[in-house]
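**Q** Mind having a look at this structure? Questions to follow.
The values are calculated or read from the model by the stated rules, or taken from the named source; none is laboratory data. Since the structure is predicted, the reported quantities are computational estimates derived from the model, not experimental observations. Cβ atoms come from the backbone with ideal geometry, glycine included; neighbour counts cover every protein chain shown. SASA here: full protein model, heavy atoms, side chains in, ligands and nucleic acids out. Shrake-Rupley method; radii C 1.70, N 1.55, O 1.52, S 1.80 Å.
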Amino acid sequence: PKVAASPSPGRGILRKELIDHFGATAARAVLTRFGFVQGWRLAEAVQAQFKWMSPEEQPLAGGRLNMIQGLYRLQADTADPCSVKGLTLLESFEAEQHIAHLGRSDGTVCWTICGILSGYLSCILGKEVYALEERCIGRGDHACHILVRSREEWGDEHSLELSFFQHEDPQQWLDTTLHEISEHLKETEKKLHDRRRLLSRIAREVDLDDPLGLVVKSQAMRQLVDLARRIAVVDSTVLITGESGTGKERIARYVHDQSPRSRGPFIAINCGAIAETLLESELFGHARGAFTGAVQNRPGLFEAANGGTLLLDEIGEVSQGMQVKLLRALQEREIRRVGENICRPFDVRIIAATNRPFTEDLASGRFRKDLYYRLNVIELHVPALRERPEDILPLARILLAEAALRMKRSNGGLTPRAADQLLRYRWPGNVRELENAMERAVALARVNRTDLEDLPEEVRQAMPAPTGQGLVQSLEEVEKDYILAVLERNEGNQTRTAKQLGIGSATLYRKLKSYGVSSPKAPHPTPTT
């Protein structure tokens, strides 16, 4: 049977308040025990009012009554809670409310339902049994699956989950939770202290007070972070532009963390990585039976991010049909699940990001102008790494240190030769490419410090770019820089350098002498034909 009615949405709000104020552990303990008592009272009422029911029918009655109340919808062939197969919930009001108010969870969330089933069956069967959830819609599973076993049958493996049923005194929950929070804070503080000490040793020039470890040595990044901090306090839609790998998602998360929505979820989706046919369902959700494989109602990311921030990455890859639906959702501040006629309001801050310029797409009509203007209320442009060379070495040292920590290897930083070569390279892949290069350096380093040979081939081959205070170098200066760079790459081997440059050894010797580069011995002139 279909769910006849839905419990009050106030339960979802109560759950959110409990988690926000006391943490997930205390909230789970309260809701589980509350459900246990509720289930026990329900069983007593069934026994008193339905005395004609046989002992075999009474366990099944609780499930039917819960469905009538709108708590869940059972799969028909798993209606017996005491069976080995357990119970399969195709819909769960508790999981839906958790997603709506708190977003998707890393673990199971049907705590009240498990408590109700445990209390009801313990009273009916005359012995303590406990319902524990194996799979849950609240963490992204297709259905919730609950098993009912006695304490002995569960064994010690599930002792932590069973502990939520044990405490009669609510003060014990709070005392236990406060202790866990205290220990967690101590552990987090130690990790932050270790990271701060590491950064202060390896990257002294980095401002350690910058949130999220953002490196803002360059003027361009200082202006970007300052603008992001100012717009975070307002709820306007933000468009973040910049090349791939520049850190657009990190800037989006910074805006979220500095905003009043920081306690809400931050959810990011790469619109270019999802097929067009699935993107609508992923964003807006779908109703059961809306398409093949839709076996249950499923909230979308707009609902999952309620109260927080939703990042639409690679927004420029969205099809025109989907652009129309996004535009309507942003204008009306409500969405409609695929296969439903019900409009659901959402309270989400939208941040869009793209690595492609909109100029051509707008001119050709590939991207709708009305959607562009709706998204581009405030624009944050993340400069490419080559445009902020002051940030290259601080970033490299931080990424090098973090890679060394992950791999549990010691690394004393960059040698002068390696640091100089990092500044010469153009970094077309931006910060992401730099991160990969530093991870490779840590993995391949033979000694405690990262040297030139530990860098990727394309970085080692980089030649110095023309420099100057807005002046063009002369040909002689360009030639000098190039010859010296090739000589350095060959570790001072003049014979190999002359061969690569296509000049004689004597010619190279004369040029080096004019540059003030000493040589142990003048080479013999190369014979010519």
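**Q** For the structure I just gave you, tell me whether Asn306 is more than 25 Å from Val233 (Cα to Cα), buried (at least 17 other Cβ atoms within 10 Å of the Cβ), of a type in the set (S, T, N, Q) and at pLDDT below 90.
**A** Working: more than 25 Å from Val233 (Cα to Cα): no; buried (at least 17 other Cβ atoms within 10 Å of the Cβ): yes; of a type in the set (S, T, N, Q): yes; at pLDDT below 90: yes.
Here the answer is no, as Asn306 does not meet what is asked.
**Q** Just a yes or no: is a residue in the stretch 134-142 modelled with pLDDT of 90 or more, within 21 Å of Gln69 (Cβ to Cβ) and hydrophobic (A, V, I, L, M, F, W, C)?
**A** Looking for residues that are modelled with pLDDT of 90 or more, within 21 Å of Gln69 (Cβ to Cβ) and hydrophobic (A, V, I, L, M, F, W, C), one finds at least one in the stretch 134-142, hence yes.
**Q** While we're looking at this one, here's another question. Taking the conditions exactly as written (farther than 30 Å from Leu283 by Cα, in contact (Cβ under 8 Å) with a residue 24 or more places away in the chain and assigned to a helix (DSSP H, G or I)), does Ala95 satisfy them or not? Show your work before the answer.
**A** On the way: farther than 30 Å from Leu283 by Cα: no; in contact (Cβ under 8 Å) with a residue 24 or more places away in the chain: yes; assigned to a helix (DSSP H, G or I): yes.
No.
**Q** Out of everything in the stretch 426-452 that is more than 21 Å from the chain's Cα centre (by Cα), closer than 20 Å to Leu385 by Cβ and in a helix (DSSP H, G or I), what residue ends up being modelled with the lowest pLDDT? Walk me through it before giving the result.
**A** In the first step, residues of the stretch 426-452 are kept if they are more than 21 Å from the chain's Cα centre (by Cα); the result is 426-428, 437-438, 440-452.
Of the ones still in play, those that are also closer than 20 Å to Leu385 by Cβ are 426-428, 437-438, 440-442, 450, 452.
Then keep just the ones that are in a helix (DSSP H, G or I); that gives 437-438, 440-442, 452.
On the way: Ala437: 94, Met438: 94, Arg440: 93, Ala441: 92, Val442: 91, Leu452: 88.
Taking the candidates together, the pick is Leu452.
**Q** Please find, among Ser259, Ser281, the residue that is in contact with a strand residue (DSSP E or B) (Cβ under 9 Å, 6 or more places away or on another chain) and either in a loop (DSSP other than H, G, I, E, B) or open to solvent by 50 Å² or more (accessible area, probe 1.4 Å) (or both).
**A** Working: Ser281 fails: either in a loop (DSSP other than H, G, I, E, B) or open to solvent by 50 Å² or more (accessible area, probe 1.4 Å) (or both).
Result of the check over Ser259, Ser281: Ser259.
**Q** Identify the residue in the stretch 399-425 that is among the basic types (Lys, Arg) and under 28 Å from the mean Cα position of the chain (by Cα) and, among all such residues, is most open to solvent (accessible area, probe 1.4 Å). Can you show your working first?
**A** Just the residues of the stretch 399-425 that are among the basic types (Lys, Arg), to begin with: 406, 408-409, 417, 424.
So of that shortlist, the ones also under 28 Å from the mean Cα position of the chain (by Cα) come out as 406, 408-409.
Numbers: Arg406: 135, Lys408: 185, Arg409: 102 Å².
Ranking the qualifying residues of the stretch 399-425, first place goes to Lys408.
**Q** Can you list the strands (runs of 3 or more DSSP E) found entirely within the stretch 304-393 that contain at least 1 residues being free of Cβ contacts under 8 Å to residues at least 24 places away in the same chain?
**A** On the way: elements: 309-313, 334-336, 343-345, 349-354, 378-381.
In the stretch 304-393, 334-336, 343-345 are the strands (runs of 3 or more DSSP E) which contain 1 or more residues that are free of Cβ contacts under 8 Å to residues at least 24 places away in the same chain.
**Q** Quick check on the stretch 130-141: of everything there that is touching a residue at least 40 places away in the same chain (Cβ under 8 Å) and open to solvent by 10 Å² or more (accessible area, probe 1.4 Å), which residue is farthest from Leu283 (Cα to Cα)? Write out each step before concluding.
**A** Step one: filter the stretch 130-141 for residues touching a residue at least 40 places away in the same chain (Cβ under 8 Å), giving 131, 134, 136-138.
Imposing the further condition that a residue be open to solvent by 10 Å² or more (accessible area, probe 1.4 Å) reduces the set to 134, 137.
On the way: Glu134: 26, Ile137: 16 Å.
Checking each candidate, the answer is Glu134.
**Q** I need every pair where a residue in the stretch 287-302 that is more than 10 Å from Glu91 (Cα to Cα) has its Cβ under 9 Å from the Cβ of a residue that is crowded, with 16+ Cβ neighbours inside 10 Å and acidic (Asp, Glu), sequence separation at least 6 or different chains.
**A** Ala287/Glu340; Ala290/Glu340; Pro299/Glu96; Gly300/Glu280; Gly300/Glu282; Leu301/Glu282
**Q** Among Leu117, Leu89, Leu121, which is buried (at least 22 other Cβ atoms within 10 Å of the Cβ) and closer than 30 Å to Ala268 by Cα? Before the answer, list the steps.
**A** Working: Leu117 fails: closer than 30 Å to Ala268 by Cα; Leu121 fails: closer than 30 Å to Ala268 by Cα.
Going through Leu117, Leu89, Leu121 in turn, the sole match is Leu89.
**Q** Right, another one. Can you work out which of the residues in the stretch 70-92 that are in contact with a Phe, Trp or Tyr (Cβ under 7 Å, 6 or more places away or on another chain) and not in a loop (DSSP other than H, G, I, E, B) is farthest from Glu128 (Cα to Cα)? Give the steps one after another, and end with the answer.
**A** Just the residues of the stretch 70-92 that are in contact with a Phe, Trp or Tyr (Cβ under 7 Å, 6 or more places away or on another chain), to begin with: 70-72, 89, 91-92.
Add one more test, that the residue is not in a loop (DSSP other than H, G, I, E, B), and what stays is 72, 89, 91-92.
Details: Tyr72: 23, Leu89: 22, Glu91: 26, Ser92: 24 Å.
Selected residue: Glu91.
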